[in-house]
Amino acid sequence: MAAVCVSGSSREPIAGVSAIGGAVALGEAPVGFTGRISAVRAHEGAGNIPAAELERRLIELGFVEGARVEILHQGLFGRDPIAVRVNDATIALRRRDAAAILVAPGLPPPAE
Amino acid sequence: MTDAALPARIALVGNPNCGKTALFNALTGSRQKVANYPGVTVERKAATAITPGGIAVQLLDLPGTYSLRARSPDEVITRDIVLGRFAGELPPQFLVCVADATNLRLALRFVLELKRVGQPMILALNMFDIARHRGIDIDLDQLSADLGVPVVPSVAVRRGGTNDLLARIDALIAGQVPPVPIGSGTWTEPSAAELRVAQREADRILAAAVRAPGRRDPTTWRIDRVLLHPVLGLVLLLAILFLMFQAVFSWAQLPMDLIKSGFSALAALADATLPAGWVASFVRDGVIAGLGSVIVFLPQILILFLFILLLEDCGYMARAAFLMDRIMGGAGLHGRAFIPLLSSFACAIPGIMATRVIDSRRDRLATILVAPLMTCSARIPVYTLIISAFVPARTVWGGFNLQGLVMFGLYTAGIAAALGVSWLLRRLLWRREPTDPFMLELPDYKRPRVPNVALGLWQRAKIFLRRAGTIIFSMMVVIWFLCSVPRPPEGAAADKPAIEYSFAARIGHAVEPLLRPVGFNWQIDVALIPGMAAREVAVASLGTVYSIQGTGTDSDQLGRTIAAQWSLATALSLLAWYVFAPQCASTLGIVKRETNSWGWMLFLFGYMLILAYGAAFVTYNTAVALGAG
């Protein structure tokens, strides 16, 4: 019954390509990526909802500057959505919305 | 404004998945009253409990939220009750904020926000045993001092696990804490900057009071590596759903047969004891048949909800939404719509009830509106009758059974229509409204708790029987009335069935000109009316109008009769009609109840009727043009 949805933006670059001052957008990072959030900045028109609202929702789920993040899982189609470890919680979100989260890479994954 | 005679009102608030409902169950047991808040379909769960100090308290379980910045209808309820703005509901005298002790970060920010409401509050650290087991060390005094609210540990799933909380509630009431006048709080909707500051403050408090080994739950990680694997995860999801689907069909069969034979026995008893006539007909065909046709759904509904509650309780439901989000999103549906739509293959009623797992009202509405398009089991008898009468049992294209292919085609048409309609709804009706971003927490896996699941199941059964039963049942009575009144006059021709004298027959004749363009004769039109009660009843009604005895056991004879009387075009047209037509009073009743709106129910009825008429019209005329008329 699956209506396989063809992603319009399935050409996402591999992590690090769109780096801004050493930071990458969380929405473009691959599974296994670890880092620390350097900024949460939604751009108007980038998501479905107003940028300020998207920003608040992300913060309410713990995406604030300084938080540790790690991408744990991703979906099959368009590698979307992603499951992100944010400090001690796991949050699922779409890559499109995660694009508002800028992260500085390079943090060893927490010891198992 | 507080009356000493009234029990103290306490509201439970907290993040989703914090175990708040389990704690509520532990505090109140089975004394809960589940109803809806006036005007909305959000469930209101309230119960009275007696504290160890002998004080009666009224507990209210509010929908889970991360913030008082309400977005969904559930969250609006939480906000309005906490702020004392909810009309018809007395404001709570104090709050118990429930937090998952293993996952405090977001909860602490919410506590800081709740403090600004100005109500007295207790913070209950739930699942305290699991936190300790994982080596998370929480300094309760430090936490309490930093937050400025009393903090107590609680374990909802263990006897005595709520003693500390109850003692603290007693102390708070006995302490004669003067109730804070409503409106004295300073809560305003926080901006992004304020939220940031609050989260940083929460992080600082967390760092000072909690020492965690910084590991994720190894069990959850191991399970998720399999269950959230991009390919394997989808395969396993399908396997779980297949099992669920099988269970709904096969496990429910025996109890459904028992219920059916029970009601047949009741009908026979009514026949034997009541004098033939009005009363007997009403009791047998109206009351007993009407109740039976509702209660027969109960086993399917309970099995379905057993699966849903188990998957919800253990934490898998959020994962299913994660796996299906992209696939459902293509049709404008939310990831969580998948389970309700799949359930609708069994019956739209449990499917529509299962849409309660969808938070956003609009996503839920879209799912409710397309669920009846999924081919439910009640259509199968009608499909089978017509296909076996008209479609030759031939093998085509090397090994495919033609009858099976037609059946498959009808299922596919239903699925395609559901996806198409939801896509159109999104484009036409809700074009201006932004689609809700898909963001949800994937909680750690937990073992489902039998008391929680049993209580949930019991509440579903009660809701179904009491609320839906009244609406569905009254529609059944109306249909009985139309099909049996007026009765045949004295000395009427014995070979003419009684239904031909009824209002139903008059309506059938009256709508015949309308339905002639789609190839239906008046006999079909008459059968469509009792078919409103439940789709499969149409088969028995066709038997009645064609004066066939013993249709229940010998549908071959009915098949031969209609094969002789209808053209192929008429048969195909009726099939096309049945894919789309809103032919089920029970479904309409449940849509009315779940959307709390006559408007949406009529919209559903209208759009499905238009689709059915259009599909039948195109099918009939194409078939006639191809020489099948």
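The values are calculated or read from the model by the stated rules, or taken from the named source; none is laboratory data. Note that the structure is a prediction, hence the values are computed from the model and not measured. Please note: Cβ atoms are built from the backbone with ideal geometry, for glycine as well, and neighbour counts cover all protein chains shown.
Side notes on the structure shown:
- Taken together, B:L83, B:L27, B:L68, B:L59 contain a single residue that is within 29 Å of B:A198 (Cβ to Cβ), surrounded by fewer than 19 Cβ atoms within 10 Å (Cβ to Cβ) and in contact (Cβ under 8 Å) with a residue 24 or more places away in the chain, which is B:L83.
- For the stretch B:86-101, residues that are in contact (Cβ under 8 Å) with a residue 60 or more places away in the chain and within 14 Å of chain A (Cβ to nearest Cβ) total 2.
- Qualifying residue in the stretch B:140-149 (condition: part of a loop (DSSP other than H, G, I, E, B) and in contact (Cβ under 8 Å) with a residue 60 or more places away in the chain): no
- For the stretch B:369-392, the condition of being within 28 Å of A:P81 (Cα to Cα), aliphatic (A, V, I, L, M) and in contact with an Asp or Glu (Cβ under 9 Å, 6 or more places away or on another chain) holds for none of the residues.
- Total residues in the stretch B:120-139 satisfying the condition of being surrounded by 15 or more Cβ atoms within 10 Å (Cβ to Cβ) and in a strand (DSSP E or B): the figure is 7.
- Cβ separations smaller than 6 Å between residues 6+ apart or across chains give the following pairs from the stretch B:306-328 residues that are facing chain A (nearest Cβ under 8 Å) to residues that are of a type outside the set (A, V, I, L, M) and not in a helix (DSSP H, G or I): B:D325/A:P81; B:D325/B:F438; B:R326/A:C5; B:R326/A:G75; B:R326/A:D80.
- Listed by position, the helices (runs of 4 or more DSSP H) inside the stretch B:1-117 whose residues that are touching a strand residue (DSSP E or B) at 6+ places or on another chain (Cβ under 7 Å) and within 30 Å of A:E55 (Cβ to Cβ) number at least 3 are B:73-82, B:105-115.
- Any chance B:L104 is within 14 Å of chain A (Cβ to nearest Cβ), closer than 28 Å to A:F63 by Cβ and either more than 27 Å from the chain's Cα centre (by Cα) or of a type in the set (V, I, T) (or both): yes
- So B:Y411, is it within 14 Å of chain A (Cβ to nearest Cβ), among the aromatic types (F, W, Y) and not in a loop (DSSP other than H, G, I, E, B): yes
- Flag for A:V103 being part of a strand (DSSP E or B), within 17 Å of B:R215 (Cβ to Cβ) and either out of contact with any strand residue (DSSP E or B) (no Cβ under 8 Å at 6 or more places or on another chain) or more than 8 Å from chain B (Cβ to nearest Cβ) (or both): no
- For B:F307: the one exception among (1) part of a helix (DSSP H, G or I); (2) more than 26 Å from B:S377 (Cβ to Cβ): (2)
- Inter-residue pairs, beta-carbon under 7 Å, first at the interface with another protein chain (Cβ under 8 Å from one of its Cβ atoms) and in the stretch B:207-231, second assigned to a helix (DSSP H, G or I), 6+ apart: B:L228/B:R319; B:L228/B:F322
- Of all residues in the stretch B:107-137, those being in contact (Cβ under 8 Å) with a residue 40 or more places away in the chain, within 13 Å of chain A (Cβ to nearest Cβ) and in contact with a Pro (Cβ under 9 Å, 6 or more places away or on another chain) number 4.
- Residues of the stretch A:75-89 classified as surrounded by 24 or more Cβ atoms within 10 Å (Cβ to Cβ) and at pLDDT 95 or above, total: 2
- Flag if B:E194 is touching a residue at least 12 places away in the same chain (Cβ under 8 Å), more than 9 Å from every other protein chain (Cβ to nearest Cβ) and either over 39 Å from the mean Cα position of the chain (by Cα) or assigned to a helix (DSSP H, G or I) (or both): no
- Residue list for the stretch B:356-382, restricted to those being at pLDDT below 85 and either under 30 Å from B:L558 (Cα atoms) or small (G, A, S) (or both): B:S360, B:C376, B:S377, B:A378, B:R379, B:I380, B:P381, B:V382
- Among the residues of the stretch A:43-63, at least one is over 12 Å from the mean Cα position of the chain (by Cα) and of a type in the set (K, R).
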